[in-house]
Amino acid sequence: MFNKKIEDICNRQVEREGYSSDLYLAMASWAETNGLSGVAGWMYTQSDEERLHMLKFIKYINERGGKAVVPAFKKPPVDFKSAEEAFKEVLKHEEFVTASINEIVALTLEEKDFNTHNFLQWFVMEQVEEEASARMILDKLRLVGKNNMYEFDRDILGLRRPAANSQTTP
Ligand SMILES: [Fe+2]
Ligand SMILES: [Fe+2]
């Protein structure tokens, strides 16, 4: 039997990963309509990855005999002041997701659900990379972006970590 508390908190994470996907999709659309095609490309790919994170949770919950519930997602913002504001928002959001994953890890220890604890280790590592990636992009934006958004936008896709790191099958 899948622990009900763990099932519920994993379903909460389904919503959070799904919202992450929508948030980055909104940022992609904003960037694309503001001449930032590189930033848009980065955000579209990021949005796809978040959807995969959501799927990992859905499949895991169901695999354990629980029931994954696809929720309604709140509407993400439509406009962003600048690419820097958008990436500050990305970092803030990823820090929130890290705290959320850590909360689940803590609960698995409390409830002695070592299978879920093991399942979460991929996400623990992923969050380290997600935060590092957002911080690195913000550093680059501060270095070059203020004076030359053209170069920043042209080069940003080269700052993505290889897809192999972020694609694992559950
Ligand atoms: Fe995620
Ligand atoms: Fe993320």
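The values are calculated or read from the model by the stated rules, or taken from the named source; none is laboratory data. Predicted model, so just to flag it, every value in this text is computed and none were measured. Backbone-built Cβ (ideal geometry, glycine too); neighbour counts: all protein chains shown. Just the protein is used for accessible areas: all its heavy atoms, side chains included, with ligands, DNA and RNA removed. Shrake-Rupley method; radii C 1.70, N 1.55, O 1.52, S 1.80 Å.
Numbers at a glance
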{"read-out": "Selected residue (criterion: nearest to Phe152 (Cα to Cα)) from residues of the range 1-36 that are crowded, with 21+ Cβ neighbours inside 10 Å and among the aliphatic types (A, V, I, L, M)", "value": "Leu36"}
{"read-out": "Residues satisfying the stated conditions in the range 112-170, i.e. surrounded by 16 or more Cβ atoms within 10 Å (Cβ to Cβ), at pLDDT 90 or above and of a type in the set (S, T, N, Q)", "value": "Thr116, Gln127, Ser133"}
{"read-out": "Index of the failed condition, Val39 passing every other in (1) under 22 Å from Leu159 (Cα atoms); (2) over 11 Å from the mean Cα position of the chain (by Cα); (3) open to solvent by 10 Å² or more (accessible area, probe 1.4 Å)", "value": "(3)"}
{"read-out": "Single residue of Leu157, Leu141 found to be more than 19 Å from the chain's Cα centre (by Cα) and aliphatic (A, V, I, L, M)", "value": "Leu141"}
{"read-out": "Of all residues making up the range 3-42, the number that are free of Cβ contacts under 8 Å to residues at least 40 places away in the same chain and within 13 Å of ligand 2 (Cβ to nearest atom)", "value": "1"}
{"read-out": "Residue list for the range 126-137, filter: within 12 Å of ligand 2 (Cβ to nearest atom) and either of a type in the set (Val, Ile, Thr) or touching a Gly at 6+ places or on another chain (Cβ under 6 Å) (or both)", "value": "Val128"}
{"read-out": "Which listed residue is within 16 Å of ligand 1 (Cβ to nearest atom) and touching a Gly at 6+ places or on another chain (Cβ under 7 Å), from Phe73, Phe123, Phe96", "value": "Phe73"}
{"read-out": "Any hit, the range 45-58, residues being away from ligand 1 (no atom under 16 Å from the Cβ) and either touching a strand residue (DSSP E or B) at 6+ places or on another chain (Cβ under 9 Å) or open to solvent by less than 10 Å² (accessible area, probe 1.4 Å) (or both)", "value": "no"}
